[in-house]
Amino acid sequence: MTRANSELRNAILAHLRNAHAGMCRHWFDDIDILDVNGGVLRFLVREPVQLRYLQRCCVEQFAEAAREVTGHLLAVRFVGEAEAHSASTNGHLNGAEGSNSNGAGHSITALMPDDEMLLSPDYAFEHFVIGPGNQLAHAAATAVAKKPGRAYNPLFIHGGVGLGKTHLLHAICQHVLRNNSSLRICYTSCNGFMTSFTECVQDGRMAEFRHRFRHVDMLVIDDIHDLSKRGQTQEEFFHTFNALYQAGKQIVLSSDAAPSEIPDLEERLVSRFNSGLVARIEKPCYETRVSIVRSKAGLRNLTLPEDVACYIAAKIDTNIRELEGAITKLQSLAYLHRKLITLELAKEAIGQETGADNESGFASPTIQAIIDAITAYYNIKLADLLSKRRHKSIAMPRQVAMYLARKHTRYSLEEIGGYFGGRDHTTVMHAVRTIDAKQELDNGLRTDVSRIEHHLLDRN
Ligand code: ADP
Ligand code: MG
């Protein structure tokens with residue numbers, strides 16, 4: 001890349017970071033400008049999955065940035081190495097989107113017969129944080145990615161919303177694409193499968209449908225629970241499943257419920273799904289969430305101070321997708337006001353929620369409010385409070401925090417343990433009993449606890 005092109009690229013990326021902070025990824029720095037020709041600015045993208053992702057999701061934003069930066073009416077195209085190298089002979093003749101010339105070395109579209117197959121470069125194994133709740137699913141997914149058809153077949157991953165099912169499915173596909181580029185993969189959502197089926201039935205194109213889903217080495221279907229109540233599609237899926245299974249081809253499925261808990265799913269499908277490995281993903285514990293926040297921030301080239309990562313992870317404890325939303329919000333706010341990312345800013349960005357209402361009709365404090373009150377009252381750091389440190393100056397405030405969380409919120413002992421650095425329920429129970437008992441004897445502690453309570457209930 002020439003120096004001028006490199007400067008132009010940097011200016012475009014800087015513009016994108018301002019205007020579309022949530023979209024930018026650290027690997028955007030690996031994109032080079034190939035040339036500007038006939039009003040078309042071409043970017044070279046070497047990684048096939050990234051290339052496809054940019055082509056499908058980012059053209060408009062890049063074009064807008066290119067226009068802003070240069071003041072010229074430019075169009076933007078992302079191309080792979082194959083097209084870049086054939087540029088002198090082909091020029092832009094194959095310029096239409098979806099042409100076969102966008103692969104690096106091999107034609108990626110040939111590996112992706114399914115037009116729906118858009119894989120997110122974010123959802124790779126290297127960006128998946130392993131924790132107690134997803135260890136099995138992750139291990140099974142990597143085994144399948146390394147040896148499709150030979151490790152576990154089918155692999156059935158299930159769990160609640162936003163816990164990483166789609167991420168693992170994409171990671172499997174990307175790993176296989178990278179390492180066994182001759183394997184044919186079909187990744188689709190269950191709805192994609194059903195729509196395809198309905199259209200092909202209507203148009204009398206069943207041979208095409210069967211070719212598409214049965215002549216693959218790996219079929220990956222996301223959200224298979226959507227098959228519920230779809231009798232005719234279930235029938236077709238059953239035959240697809242059998243054809244692939246008997247041919248030793250890999251099948252990977254994800255679902256929001258275990259096979260036997262998907263309503264109105266035929267028994268024969270339930271037993272097929274149970275015949276391989278069924279791996280459940282549980283909600284991540286606090287430590288896993290902190291690591292996920294860091295990983296997500298890292299993808300955006302964002303360094304979060306320790307207390308901010310802890311704050312976000314403590315504040316958002318159910319759906320990981322919301323963790324990402326919180327980072328985006330924080331990032332945008334920081335750009336908007338040209339401020340550094342600090343705990344104060346994080347509180348401003350995501351701190352306005354109030355707690356769940358309790359029986360008396362008053363809002364009860366959130367665990368975060370309790371944590372805030374404790375760190376302020378005892379003047380200790382959030383990271384210390386949630387750490388494994390056992391020094392009395394930290395351990396005692398932590399026990400008070402657990403005690404207050406138990407007394408004033410509806411969270412279970414396990415959940416409270418999760419908030420306080422992934423401790424188990426017996427630790428929380430012990431903390432509650434200790435503070436209860438000590439208050440009887442220790443006037444100072446009793447005063448402290450009631451002051452914190454007063455402050456908490458006042459705030460709400
Ligand atoms: P699901 O398909 O289970 O509803 P997704 O796979 O779409 O959930 O995950 C939601 C978001 O959470 C995605 O951004 C994903 O990358 C992220 N995520 C979930 N689990 C993890 C994990 N263990 N490590 C890193 N990111 C994760
Ligand atoms: Mg999903």
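Any read-out appearing in this document is the output of simple, stated calculations on the displayed coordinates, not a laboratory observation. None of the values given here were measured: they were computed from a predicted structure. Cβ atoms come from the backbone with ideal geometry, glycine included; neighbour counts cover every protein chain shown.
Here are the numbers for this structure:
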| read-out | value |
| --- | --- |
| Computed label-point distance, nm, for sites GLU266 and ALA247 using a 7 Å Cα→Cβ extension | 2.0 nm |
| Reachable lysines, given that their alpha-carbon falls under 17 Å from the alpha-carbon of LYS146 and they are not under 8 places away in the same chain | LYS249 |
| The range 301-460 - Debye-derived log10 I(q)/I(0), Cα point model, q = 0.19, 0.20 Å⁻¹ | -1.26, -1.36 |
| Gained length - ALA19 relative to GLU7, 0.36 nm times residue gap less alpha-carbon distance | 2.5 nm |
| Antiparallel %, DSSP beta bridges [both residues in the chain], to 5 | 20 percent |
| For the chain, average projected area of the Cα convex hull in nm² | 26.8 nm² |
| Net +/- balance of residues flanking ALA383 in space, Cβ distance below 13 Å, scoring K and R +1, D and E -1 | +1 |
| Vicinal HN-Hα couplings computed from phi for the range 336-351 (Karplus, 6.51 cos²θ - 1.76 cosθ + 1.60; Hz; Gly/Pro x) | 4, 9, 6, 10, 6, 7, 10, 4, 4, 5, 4, 5, 5, 6, 10, x |
| Cα-Cα over 25 Å, subset of LYS165/LYS339; LYS339/LYS381; LYS296/LYS392; LYS147/LYS283; LYS329/LYS392 | LYS165/LYS339; LYS296/LYS392; LYS147/LYS283; LYS329/LYS392 |
| Förster-model FRET efficiency, 56 Å R0, MET206 and ARG280, C-beta, rounded to 0.05 | 0.95 |
| Residue-count net charge about GLN50 - beta-carbon cut-off 14 Å; Lys, Arg +1, Asp, Glu -1 | -2 |
| Computed [θ] at 222 nm, helices only, for the chain once each DSSP H run of length n ≥ 4 contributes -39500 (n - 2.57) | -16500 deg cm²/dmol |
| Radius 15 Å from Cβ of LEU269, net charge of other residues (Lys, Arg +1; Asp, Glu -1) | -4 |
| Karplus-derived HN-Hα couplings along the range 204-218 (A = 6.51, B = -1.76, C = 1.60, θ = phi - 60°), whole Hz, x at Gly and Pro | x, 10, 5, 4, 5, 4, 5, 4, 5, 9, 9, 9, 10, 8, 8 |
| Nonlocal amide H pairs with ILE157, under 5 Å, H built at 1.01 Å | LEU253, SER254, SER255, ALA279 |
